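Computed from the coordinates by the stated procedures, all read-outs in this text should not be read as laboratory data. Just so you know, these numbers come straight off a predicted model, no measurement behind them. Note that we place each Cβ from the backbone using ideal geometry, even for glycine, and neighbour counts take in every protein chain shown.
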Amino acid sequence: MTKKQSFDVVCEIKKNEIKSKEETREKNNGLKGDYMNLFLLLVLYFMQGIPLGINDVIPLILVNKGVTYDKQALFSFSQWPFSLKLLWAPIVDSIYAKRFGRRKSWFVPVQYGIAFFLILLALTSQHLLGEVDHIDAAKNSSPKMILLTVAFFMLVFLTATQDIAVDGWALTLLSKNNVHYAPSCNSVGQTVGSLFGSTVFLALESADFCNKWLRKTKSDEGIVTFEGYLLFWGIVCLIVTTCIWMFKRERDEITENGETKLSVIETYQMLWRILSLPTVRWFAVILLTNKIATSAADSVTSLKLVEYGLKRENIGILRLPLIPLQLILPWIVTRFTTKRPMKSFYYMYPFRLIVIFITAGFVWWTSMAKNADGSFDVEYYIALVFGFAIVMISGYCTGMALWAFMAQVSDPLIGGTYMTLLTTLSNLGGSWTSTIALYFVKVLTFRWCPSDGYFCSKETQCYLDETNLFDYQMAAIRAKNKLAM
């Protein structure tokens, strides 16, 4: 061995010793030094949850406007960018300005795009939702379903791109010993953001809630309007993005860890090699199929509750008491699923299946519990809150276990792509099942005409309550013969 080779070996040994000492120090420090980074991640995922929550409100508004479930299925395509983001994730992961930062190169312009898109939707929401007819301002028109779907598809597309950048940033923003907290930050931040985008909006838009709890002088309208709420969050998004751009320095993990930068082609090739692994293929099957059983309960329950008479703002109000649970639960679940997340998923999935029957029971109970004046008893509301809590717990237990496993196996070198590959498969498993479930609601819905024991699949057929099927057919034949004469 030459002197140069001996020197290289000694340097490599010293380098490994320093790295081992740093890892030991990080492990002993726990969360010390990562508190601000955890807070930043929460903010980033919170801003991601706002447009997703607003997107969740639209189906409830459409139900009140009498939009059918097949058109609801059309609007559900607006959520698909989260299931397709793998197509452009390697580009986000590979092309960036080194001076600006690997993740900030995408996060900042995309977040500005989300802000401006929220402002644009605020200015056009009344037309898209059919609340204002441009030809005759005195009357309302039907919702512009295609334009509405395209508009929110673009908003979710920008949000999905932001998610790619933030997922990759999370793997290096936190120390290696604390990276398993990234899924908790994602869950808490995105959940709270979705709550502010949906639940808080529904409460503040409700005149009844505002008159009872938030103001002394009664009014026929809520504190906020849909367009005003969009405008507010668009401005907040501008402010937060500017602050992160100016004050947060991004650590270059490629330089600091001695890793090699991958080109776009190399990233796609790496992605294909990941997909070629037998274990990844089996995990992909789990991610794509595990929501088949729960898709109808997840997608249709709230819409059916509104259809059967529960006010959409009441759904939001009933979920307000669950906010503390939503904040605490991810941390608790993460603590018990960190070591063996997939085993935890297998144990909790049967509980998730049992909850489906609970949600179906609540839908049936809603159709029966409505009083003559359109109200519901207090016992119903209390039981519904507990039902929402059980659904939430079951969803977190299975979802957080999968997220913890994905975070553990993701490689920081292609963190944005690796993590996005797994999250995309998970989102795709929810999107395709949700769209199909919404579409088949109308196809599989039958109404019972009790006087004749006759099933009818369309609401217009329910006049058969007043006559039997044979009499109706005979009357149609007589009318036809009279026209022929």
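The stretch between Y308 and L325, if pulled fully straight at 0.36 nm per residue, gains 3.4 nm over its current Cα-Cα span. Taking label points 7 Å from Cα along the Cα-to-Cβ direction, V43 and I354 give a separation of 4.2 nm.
Model label sites at L87 and I332, defined 7 Å from Cα along the beta-carbon direction, differ in position by 4.1 nm. Along the stretch 81-95 the Karplus relation, 6.51 cos²θ - 1.76 cosθ + 1.60 evaluated at θ = phi - 60°, assigns HN-Hα couplings of x, 5, 9, 10, 5, 4, 5, 10, 4, x, 5, 5, 7, 10, 9 Hz to successive residues, with x for each Gly and Pro. The residues neighbouring S302, those whose beta-carbon lies less than 14 Å from its own, together hold a net charge of 0 under the Lys/Arg +1, Asp/Glu -1 convention. Extension gain for S276 to D70 (0.36 nm times residue separation, less C-alpha to C-alpha distance): 70.5 nm.
Evaluate E = 1/(1 + (r/R0)^6) for K144 and Y346, where r is the Cβ-Cβ distance and R0 equals 51 Å; express this FRET efficiency to the nearest 0.05. Given R0 = 51 Å and the Cβ-Cβ separation, E is 0.70.
Neighbours of Y96 by Cβ distance under 9 Å: Lys/Arg scored +1, Asp/Glu scored -1, total +3.
For the stretch 251-391, the average shadow cast by the Cα convex hull is 13.0 nm², which is a quarter of the hull's surface.
The alpha-carbon positions of the stretch 34-445 define a convex hull whose volume is 157 Å³ per residue. Quote the FRET efficiency, to the nearest 0.05, computed for D373 versus L123 with a Förster distance R0 of 41 Å and r equal to the Cβ-Cβ distance. With R0 = 41 Å, the Cβ-Cβ based efficiency is 0.60. Would you please state which residues of the stretch 263-284 a label at K98 would reach in this model, taking the label point 7 Å out along Cα→Cβ and a backbone N cut-off of under 19 Å? The answer is 263-267. Taking a quarter of the surface of the Cα convex hull of the stretch 266-333 gives a mean projected area of 7.8 nm². Please give the FRET efficiency for F386 paired with I292, using the beta carbon to beta carbon distance and R0 = 22 Å, rounded to the nearest 0.05. With a Förster radius of 22 Å, E is 0.25. Value of Rg to Rh for the stretch 176-232, rounded to two decimals, is 1.24; Kirkwood radius and Rg both from alpha-carbon coordinates. Projected label points at T217 and R249, each 7 Å from Cα along the beta carbon direction, are separated by 5.2 nanometres.
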